[in-house]
Every structure is written in C-alpha cells, then in structure tokens.
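Peer 1: First, the structure itself, so that you have it in front of you.
The values are calculated or read from the model by the stated rules, or taken from the named source; none is laboratory data. If you're wondering where the values come from, they're calculated on a predicted model, not measured in any experiment. Neighbour counts are summed over all protein chains in view; Cβ atoms, including those assigned to glycine, are modelled from backbone coordinates with ideal geometry. The area values use the complete protein model at the heavy-atom level, side chains included, leaving out ligands, DNA and RNA. Shrake-Rupley method; radii C 1.70, N 1.55, O 1.52, S 1.80 Å.
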Amino acid sequence: VLMMGDSMMRLLGIAMEKELKAAGVQPAVSFSSLASGLARLDAFDWFAKADALMKEHKPATVVVSLGANDRQTLKDVTGRVVMLGTPEWEREYALRIGRIMDELIKGGATRVIWLLLPDMREPVQQEYAKLINTIFTKEAAVETRKDKIVLFDSSPLLSRKPGTFSLYVMAPDGAVLTVRDADGIHLTNPGAKRVAQSLVKTYWK
C-alpha cells in the first residue's frame, strides 16, 4: 500500500502506516509533499513523483490526497495563464486529475482510493472543496477508471453536522476529539487516526 499526497497526507500517512501494520497489511509506505499540488507543477512535479513511487514500491493499492493547495491560477499546456473560477480552469484541472489517476493505474495499482476534501472552515475554501470534489467524482467515473478508482469521503468522520466544518467531534465513549487543525484545513493527529481507522476497516476488512 502506498499513501501519497500533499500536506493533508502528512499525518494521515503516518496514521495509515500504523493502522495497516496493526491489521497485518504490509508493506505500507507514505509520501507527502507540503504545499504541493497539481496547479504548480513547476514547483513540484507530481506526475514524475507518482511514476517514481509506483516503480519503487509497486503498490497494489494507492491512497491519494491532493487538491487542498490548488486554489490558485495555473498554466495550460500552451503556457497560457488560466484563472481560478473559470470553465477553462476546471477543464485543465480535470485533465490533470484524470492524468494522474491513469498514471497510477498504468503503474500497476489495482485499486486507487481517492480522498475527497473534507469540509473547510472558511466559506471560500469550502466552495473550492466542493468544486474540487465534483471534479474528482467526474474523473473517477470515467469508463476506463471506474472499476479501479474509489472515492472516500472523510467528512462524516470529521464533522458534527453534515456539510459543515467542525474543530472537534464526540468519540463513541463521550470523549471530545479535536480532529481538525486551527488553520481550518488540515487534520490533527486524532483526526488522522480516525480517518485511517475507517479507511482500513472499509477496504481491508
């Protein structure tokens, strides 16, 4: 199992490694690159990195978290600047999502678990997350991908009310769990553990 992604994967990858090891699923490795994404490939080339990771680890399952840092302009293949909020941006970004999904499948993954973005605290970030999740959903449903790409929504695990951001949730034993970082975006260690446990329970029964 390979866990890969941006800063949203940092704590989650560590938690996933622990939970998978406890479940007897080995080897499990994680890679995260802070402040990276698919918008600024000049800053960090995720396509090249994904290819290298697939060749090095040869995972059957890949868990992916990308998109949280991509609320910005990007350049299309011709070098033209494409503004966020335009149909052109959505088209270009969808092409990149589809490409990396295809690269992971071509690299040997029999299953790609793609994480949807959870609810965000700031309204502008929440609207962006909804947009990105719609793109993820559409690209995962493409005929050549739908049998190998599965979407995982962590929002129910991280919110007390569907569709809204929550800093903390109540554990089954009544304890208060702070699941989100004060920045309104990232997971905390308890939040990452909660998501990791659910992922392992769902896909590695």
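Peer 1: Name the single residue that is nearest to the chain's Cα centre (by Cα) among those in region 30-79 being part of a loop (DSSP other than H, G, I, E, B), acidic (Asp, Glu) and modelled with pLDDT of 95 or more.
Peer 2: The qualifying residue nearest to the chain's Cα centre (by Cα) is 70.
Peer 1: Would you confirm whether or not region 79-92 contains a residue that is closer than 19 Å to residue 152 by Cα and touching a strand residue (DSSP E or B) at 6+ places or on another chain (Cβ under 9 Å)?
Peer 2: no
Peer 1: Can you tell me which residues in region 167-205 are basic (Lys, Arg) and modelled with pLDDT of 95 or more?
Peer 2: 180, 193, 194, 201
Peer 1: Restricting attention to region 132-151, report how many residues are open to solvent by 50 Å² or more (accessible area, probe 1.4 Å), in a helix (DSSP H, G or I) and touching a residue at least 12 places away in the same chain (Cβ under 8 Å).
Peer 2: 2
Listed here are the residues, each with its yes/no results for (1) touching a Leu at 6+ places or on another chain (Cβ under 9 Å); (2) more than 19 Å from residue 129 (Cα to Cα); (3) free of Cβ contacts under 8 Å to residues at least 60 places away in the same chain.
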residue	(1), (2), (3)
8	yes, no, no
13	no, yes, yes
18	no, yes, no
45	no, yes, yes
49	no, yes, yes
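Peer 1: Residue by residue through region 157-205, note down the ones that are open to solvent by 20 Å² or more (accessible area, probe 1.4 Å), free of Cβ contacts under 8 Å to residues at least 60 places away in the same chain and among the aliphatic types (A, V, I, L, M).
Peer 2: If the condition is that a residue be open to solvent by 20 Å² or more (accessible area, probe 1.4 Å), free of Cβ contacts under 8 Å to residues at least 60 places away in the same chain and among the aliphatic types (A, V, I, L, M), then 157, 167, 170, 175, 176, 177, 182 are the ones that fit.
Peer 1: I'd like the full set of residues that are without any contact (Cβ under 8 Å) to a residue 40 or more places away in the chain and touching a Lys or Arg at 6+ places or on another chain (Cβ under 9 Å), limited to region 51-74.
Peer 2: 72, 74, listed by residue number.
Peer 1: Among the listed residues 180, 121, 160, 111, identify the single one that is touching a strand residue (DSSP E or B) at 6+ places or on another chain (Cβ under 6 Å), over 24 Å from residue 59 (Cβ atoms) and among the charged types (D, E, K, R).
Peer 2: The match here is 160.
Peer 1: Same structure again: For region 118-131, give me each residue that is over 16 Å from residue 93 (Cβ atoms), open to solvent by 80 Å² or more (accessible area, probe 1.4 Å) and of a type in the set (D, E, K, R).
Peer 2: 121, 122 - these are the residues of region 118-131 that are over 16 Å from residue 93 (Cβ atoms), open to solvent by 80 Å² or more (accessible area, probe 1.4 Å) and of a type in the set (D, E, K, R).
Peer 1: Would you confirm whether any residue within region 93-102 is part of a helix (DSSP H, G or I) and hydroxyl-bearing (Ser, Thr, Tyr)?
Peer 2: Yes, the conditions are met somewhere in region 93-102.
Peer 1: Also, quick follow-up: Has region 78-90 got any residue that is more than 25 Å from residue 146 (Cα to Cα), of a type in the set (Asp, Glu) and surrounded by fewer than 19 Cβ atoms within 10 Å (Cβ to Cβ)?
Peer 2: no
Peer 1: Further question on the same structure: Looking at the structure I just gave you, is residue 154 small (Gly, Ala, Ser), touching a residue at least 12 places away in the same chain (Cβ under 8 Å), more than 16 Å from residue 8 (Cα to Cα) and open to solvent by less than 40 Å² (accessible area, probe 1.4 Å)?
Peer 2: When the stated conditions are applied, residue 154 does not pass them.
Peer 1: Which numbered condition trips up residue 106, out of (1) buried (at least 20 other Cβ atoms within 10 Å of the Cβ); (2) within 20 Å of residue 139 (Cβ to Cβ)?
Peer 2: All conditions are met except number (1).
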